[in-house]
1. Identify, from the list TYR227, TYR194, the residue that is touching a residue at least 24 places away in the same chain (Cβ under 8 Å), in contact with an Asp or Glu (Cβ under 8 Å, 6 or more places away or on another chain) and within 27 Å of ILE31 (Cα to Cα).
2. Looking at TYR73, TYR60, TYR150, TYR67 in this structure, which one is touching a Ser or Thr at 6+ places or on another chain (Cβ under 8 Å), farther than 23 Å from GLY191 by Cβ, buried (at least 17 other Cβ atoms within 10 Å of the Cβ) and aromatic (Phe, Trp, Tyr)?
3. Name every residue in the range 122-147 that is touching a Lys or Arg at 6+ places or on another chain (Cβ under 6 Å) and crowded, with 17+ Cβ neighbours inside 10 Å, in order of residue number.
4. Run PHE213 past the list (1) open to solvent by less than 70 Å² (accessible area, probe 1.4 Å); (2) without any contact (Cβ under 8 Å) to a residue 60 or more places away in the chain; (3) more than 27 Å from TYR259 (Cβ to Cβ); (4) hydrophobic (A, V, I, L, M, F, W, C) and report the number of the one that doesn't hold.
5. Has the range 189-206 got at least one residue that is touching a Ser or Thr at 6+ places or on another chain (Cβ under 8 Å), over 25 Å from SER256 (Cβ atoms) and of a type in the set (Val, Ile, Thr)?
6. Identify, please: which residue in the range 129-144 is of a type outside the set (A, V, I, L, M, F, W, C) and either in contact with a strand residue (DSSP E or B) (Cβ under 7 Å, 6 or more places away or on another chain) or part of a strand (DSSP E or B) (or both) and is, among those, farthest from PHE113 (Cα to Cα)?
7. Considering only the range 229-243, state which residues are open to solvent by 70 Å² or more (accessible area, probe 1.4 Å) and either assigned to a strand (DSSP E or B) or closer than 21 Å to ASP161 by Cα (or both).
Amino acid sequence: MNSLQNSFKVALAVALVCGSTCSLATDNNLIFSTGADYSNGDYGGDQTIEEWYVPVTLKYVGDTMSYGVTIPYLSVRAPKGTVVTDTDGQIVIGGGEKRTESGIGDIIGRITFFDVYRNDDLDIAVDLGAKIKLGTADEEKGLGTGKTDYSLQINLFKFYDDYYLSGTLGYKVRGEPDGLDLEDVWFGSVGAVYLYSSKTKVGLAFDFRQSSFYDGEHIRELSAFVYHRLENSWGISAYSYAGLSDSSPDFGIGVSVKYYY
């Protein structure tokens, strides 16, 4: 294991420990969310792969930080031998007959520190986040690699009166599954969010992720969303996305609901 991998794991461990202790001194806000995401694409092959992703998330939001855990259900219809390397990563296409595999996906833990840098004169803010993807999905079914991945990212925001711009840059350290040579990757995004009202916002984003394979095509996607906070404690959002490379799904659509405690 190289020094960069060790550094990422140490940084993530420190972040998670700090999150569990610092939250005791902060007024909290718990958010429960769930939804459904459907995508399909041929990923450069000659057969369409369909995927349903149904996450259940519990998230804590404080004044200076947030953290949460996601437990997803995953169903994939694909040729036998197909492997989902990550929910936002590439798919290894199998060569057998089409079949449907389903079960619990990879459990994900996230933590974000708000305003690690803020300039009120320029209306700029910077957040720092970390994520761990546990290899809990059934690797024999091809729902995951069975290995743990780690990532760190920095988020930049530029605020205006009724909209804001955002940018993300991050790095992911991949586990080392048997039979797959996965590369550590850079990822990033740029986007804009328009605040239509105090309860409704819409947004657009472009996402880029390096290929997990040495000679693979990088992942590129465009997405759009709309979110509305209801009068009670509920919020709902809908989104769609389109792939711009063979490593991306051709099309995806999803809906999410949130309950604020």
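The values are calculated or read from the model by the stated rules, or taken from the named source; none is laboratory data. Everything numeric in this text was worked out from a predicted model, so none of it was measured. Cβ coordinates were reconstructed from backbone atoms using ideal geometry, including for glycine residues, and neighbour counts include every protein chain displayed. For the accessible areas, the whole protein counts, side chains as well, though only heavy atoms, and no ligand, DNA or RNA atoms are used. Shrake-Rupley method; radii C 1.70, N 1.55, O 1.52, S 1.80 Å.
1. Result of the check over TYR227, TYR194: TYR194.
2. The unique qualifying residue is TYR60.
3. Going residue by residue through the range 122-147, those that are touching a Lys or Arg at 6+ places or on another chain (Cβ under 6 Å) are 124-125, 131, 135.
Matches in the range 122-147: ALA125, LYS131.
4. (2)
5. Within the range 189-206, the subset touching a Ser or Thr at 6+ places or on another chain (Cβ under 8 Å) is 189-193, 204-206.
Now drop any that are not over 25 Å from SER256 (Cβ atoms), which leaves none.
The answer is no; no qualifying residue exists.
6. For the range 129-144, the residue satisfying everything is LYS141.
7. Taking the range 229-243 and keeping what is open to solvent by 70 Å² or more (accessible area, probe 1.4 Å), we get 229, 231-232, 234, 236.
Within the range 229-243, ARG229, TRP234, ILE236 meet the criteria.
Yes or no, residue by residue, for (1) without any contact (Cβ under 8 Å) to a residue 60 or more places away in the chain; (2) open to solvent by less than 40 Å² (accessible area, probe 1.4 Å):
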| site | (1), (2) |
| --- | --- |
| VAL84 | no, yes |
| ILE104 | yes, no |
| ASP120 | yes, no |
| GLY167 | yes, yes |
| GLY170 | yes, yes |
